[in-house]
Protein chains: 2
Amino acid sequence: MKRKMTLKNIARELGVSISTVSKALKNSNEIGAETIERVQAFAKLYNYRPNNLAISLKNKRTNNIGVIIPDIVHYFFTTVFRGIEQYSKKHGYNVIACVTDESLEREVVNMEMLANGSVDGFIMALSAETQKKNHFDHLKRINELEIPLVLFDRVTDEIECDKVLINDREAAYNAVMKFIENGRRKIALITTEDYFSVSQGREAGYRQALESFGLPVDEALILKLPFMDLDEILINTFFDSQDIDAVLCVNEIFAIHSMNLVQKKGVNVPEEMEFIGFTDGILSKYAKPGLTSMAQHGFQMGEIAAKMLIDRIQSGLSEKEEPCRTEIIESTLIERESTINAIPVL
Amino acid sequence: MKRKMTLKNIARELGVSISTVSKALKNSNEIGAETIERVQAFAKLYNYRPNNLAISLKNKRTNNIGVIIPDIVHYFFTTVFRGIEQYSKKHGYNVIACVTDESLEREVVNMEMLANGSVDGFIMALSAETQKKNHFDHLKRINELEIPLVLFDRVTDEIECDKVLINDREAAYNAVMKFIENGRRKIALITTEDYFSVSQGREAGYRQALESFGLPVDEALILKLPFMDLDEILINTFFDSQDIDAVLCVNEIFAIHSMNLVQKKGVNVPEEMEFIGFTDGILSKYAKPGLTSMAQHGFQMGEIAAKMLIDRIQSGLSEKEEPCRTEIIESTLIERESTINAIPVL
DNA sequence: TTGTAAGCGTTATCAG
DNA sequence: CTGATAACGCTTACAA
């Protein structure tokens, strides 16, 4: 085992005290020029690097941030993660990544693990189970410990903290309006079960758009799929039993999958039926036809979440002292060939 | 700022010594049953949690592992990451994730940052630039510090360490054989520039298969695209100027993109031209037609890489004491509609 | 200009 | 059974 260079070692070798070495390495003006030189030369020669742990313990700050996400094999979260990581790195923070796999328990365990000195703050999107069970004790504990927390995308009103969201309601509203402008009237919604904050918002926007245009909301045109379960029979039955000319889906997979299924039945997209999805991911771009999609700008969300967190960490002000903010990211409709009148975008 | 519970605090409140508290919390049999109970009750009441940093400093182990990858918005790396994270978590390790964006400098900076006490070991795939420039001083330094390192997928022979790979050569060989069995003879290869270890292996397998079947290798049928650059003109020209009936692509994007382009020209896939890609990602599954693909089993690679690393960390044996191993993950051909005779798989 | 000493929160050794 | 004490590697008053 190679002996690691430490201040103590350098001090011993050079016959000076530890604090002299420490100061010399920092170019402190308390130390003589000659000593500084000697110390720095020696340190460089032996490749001295200060031990992060010791510094963290001393300063009570780790320069790590914990990112807790439900899923990493998923375009949107991946993109947000990228934004967080990039911003954080640029500001001297490392990212500890935890994946909860949509499980409340994993969320709790991961946070507990990191909350005891491993990170200076958290950025997270709630797991499906957490949203379903409405169980937030672990987040309350983080709050009590006054560890800064930023929630993004999947959030809850139960916890007072900084948040970054997209304008789900408005985005869905705009998507439906796009259909209406295109002359569609039998507009379906394919969404998840109710407990997701984002799905709630998107459904609200869907209803609002129809109502504001004087169209009745036909509950039979709303299909609620069990989370991430692509039950083909359910989807096929839905399309067989309803008269539909446009479909808004709350995520990309639902959109691509149902679009493929109706095409297999011989339905022409977009002529007979238009599709709009959420999350402008890689699938939307390469689908046939290209899927018109509400882009969520995940990278930007990540950057903003990281900025909010790091600002709060560095200000040292708790949620009580400095009021919490909620940033809304405007989503953008990327038009492709699954809607008409579209200028194709690659 | 909430005062954090520490051993010292507990000791003061309870009028005992710090070491008594420490031992009591560990149910040490040096301590009286009654004291143990008192201490534990108090600790629980005030939600005492030991400080990870202090423990790490003391033990000289962090229970963190550093994962350095070129890109996270990318199915294969994401999947590997997932495997690493899951295995690590199960074995008590957290994952610090760094994305290099294919840059050597970012790779160097990230490793330097983590090498000074933040992690017990590294798992990484080399960045494009690192492979291109063949610059490995940063890895040699890690070796000198005797910090365990596992390379996966994008590796180099210059560094002696544990490695996890797929059988690139054999996989490409098998893919080409599949084409040959299907009666194809004008088999093209679309690959990256030469410096990637994986592309080299795949190209070798491609050549080997043709040769072993007595087919000449026509260099004009090998298209080398600049890394991740989807230059449509280049691809179109390639297909226009060559007579091709099957295409092997070293990654999923190249495959999907060129398949889309030839289809746009009116080429029938798979009747007139077959396609096989690498990385069985989400695009392959949802493409039209579904893309036959060599699955790289990223999750398993991640698990194995994590296991190799953690085993080495826990054994405490350096690369010199315990010889390095290279694990090969067999890739599997997932047949879809872009090749003939395929039993479609969803 | 340099050194001493206390402290960050633990653990471990050794006396009492 | 309990408690000093030193140590992990570093920072920072404060003394010299």
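The values are calculated or read from the model by the stated rules, or taken from the named source; none is laboratory data. Keep in mind that this is a model prediction, so the values were computed, not measured. So basically every Cβ, Gly included, is an ideal-geometry build from the backbone, and we count neighbours across all protein chains shown.
Descriptive notes on the structure:
- Only residues that are more than 10 Å from chain B (Cβ to nearest Cβ) and surrounded by 24 or more Cβ atoms within 10 Å (Cβ to Cβ) were counted across segment A:255-278, and they come to 7.
- When restricted to residues that are surrounded by fewer than 21 Cβ atoms within 10 Å (Cβ to Cβ), assigned to a loop (DSSP other than H, G, I, E, B) and at negative phi, segment B:303-340 contains 13.
- Single unsatisfied condition, residue A:28 versus (1) closer than 28 Å to residue B:109 by Cβ; (2) more than 9 Å from chain B (Cβ to nearest Cβ); (3) away from DNA strand D (no atom under 12 Å from the Cβ): (3)
So that you can scan it fast, the table gives a plain yes or no per residue for (1) among the basic types (Lys, Arg); (2) at pLDDT 95 or above:
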position	(1), (2)
A:12	yes, no
A:76	no, yes
A:83	no, yes
A:116	no, no
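- Per the listing A:88, A:28, A:56, A:19, the residue uniquely closer than 22 Å to residue A:115 by Cβ and outside the structural domain of residue A:304 (by TED's automatic domain parsing) is A:56.
- When residues of segment A:76-88 are limited to those that are within 7 Å of chain B (Cβ to nearest Cβ) and surrounded by 21 or more Cβ atoms within 10 Å (Cβ to Cβ), the one nearest to residue A:124 (Cα to Cα): A:81
- Pick from segment B:26-53, criterion surrounded by fewer than 17 Cβ atoms within 10 Å (Cβ to Cβ) and among the aliphatic types (A, V, I, L, M), ranking: nearest to the chain's Cα centre (by Cα): B:45
- So residue A:63, is it touching a strand residue (DSSP E or B) at 6+ places or on another chain (Cβ under 8 Å) and either at pLDDT below 95 or within 16 Å of DNA strand D (Cβ to nearest atom) (or both): yes
- Among the candidates A:230, A:210, A:223, residue that is among the aliphatic types (A, V, I, L, M), in contact with a helix residue (DSSP H, G or I) (Cβ under 6 Å, 6 or more places away or on another chain) and surrounded by 16 or more Cβ atoms within 10 Å (Cβ to Cβ): A:223
- Residues within segment A:219-250 that are out of contact with any strand residue (DSSP E or B) (no Cβ under 9 Å at 6 or more places or on another chain), among the charged types (D, E, K, R) and closer than 30 Å to residue A:130 by Cα, tallied: 3
- Residue check for residue A:267: over 25 Å from residue A:201 (Cα atoms) and modelled with pLDDT of 95 or more: yes
- Residue A:177, sole failed condition from (1) without any contact (Cβ under 8 Å) to a residue 40 or more places away in the chain; (2) outside any helix (DSSP H, G or I): (2)
- Selection within segment B:84-95 - more than 9 Å from the chain's Cα centre (by Cα), at negative phi and of a type outside the set (Phe, Trp, Tyr): B:85, B:86, B:88, B:89, B:90, B:91, B:94, B:95
- Restricting attention to segment A:38-76, the residues that are more than 11 Å from DNA strand C (Cβ to nearest atom) and part of a helix (DSSP H, G or I) add up to 9.
- Identity of the residue in segment B:32-53, over 19 Å from residue A:94 (Cβ atoms) and facing another protein chain (nearest Cβ under 9 Å), that ends up nearest to DNA strand D (Cβ to nearest atom): B:50
- Residue list for segment B:9-25, restricted to those being over 41 Å from the mean Cα position of the chain (by Cα) and near DNA strand D (Cβ under 10 Å from one of its atoms): B:11, B:14, B:15, B:16, B:17, B:18, B:19, B:20, B:21, B:23, B:24
- For segment B:89-128, a residue qualifies if it is in a helix (DSSP H, G or I), crowded, with 22+ Cβ neighbours inside 10 Å and more than 10 Å from every other protein chain (Cβ to nearest Cβ), and the qualifying residues are B:107, B:111.
- Exactly one residue out of B:9, B:27 is assigned to a loop (DSSP other than H, G, I, E, B) and either under 27 Å from residue A:319 (Cα atoms) or more than 10 Å from DNA strand C (Cβ to nearest atom) (or both), and it is B:27.
- Options A:164, A:155: the member that is closer than 29 Å to residue A:116 by Cα and not in a loop (DSSP other than H, G, I, E, B): A:164
- Top-ranked residue of segment A:281-302 - restricted to ones that are touching a Gly at 6+ places or on another chain (Cβ under 8 Å) and within 13 Å of chain B (Cβ to nearest Cβ), ranked as surrounded by the most Cβ atoms within 10 Å (Cβ to Cβ): A:291
- Top-ranked residue in segment B:12-24 [being in a loop (DSSP other than H, G, I, E, B) and of a type in the set (Gly, Ala, Ser); ranked as surrounded by the fewest Cβ atoms within 10 Å (Cβ to Cβ)]: B:15
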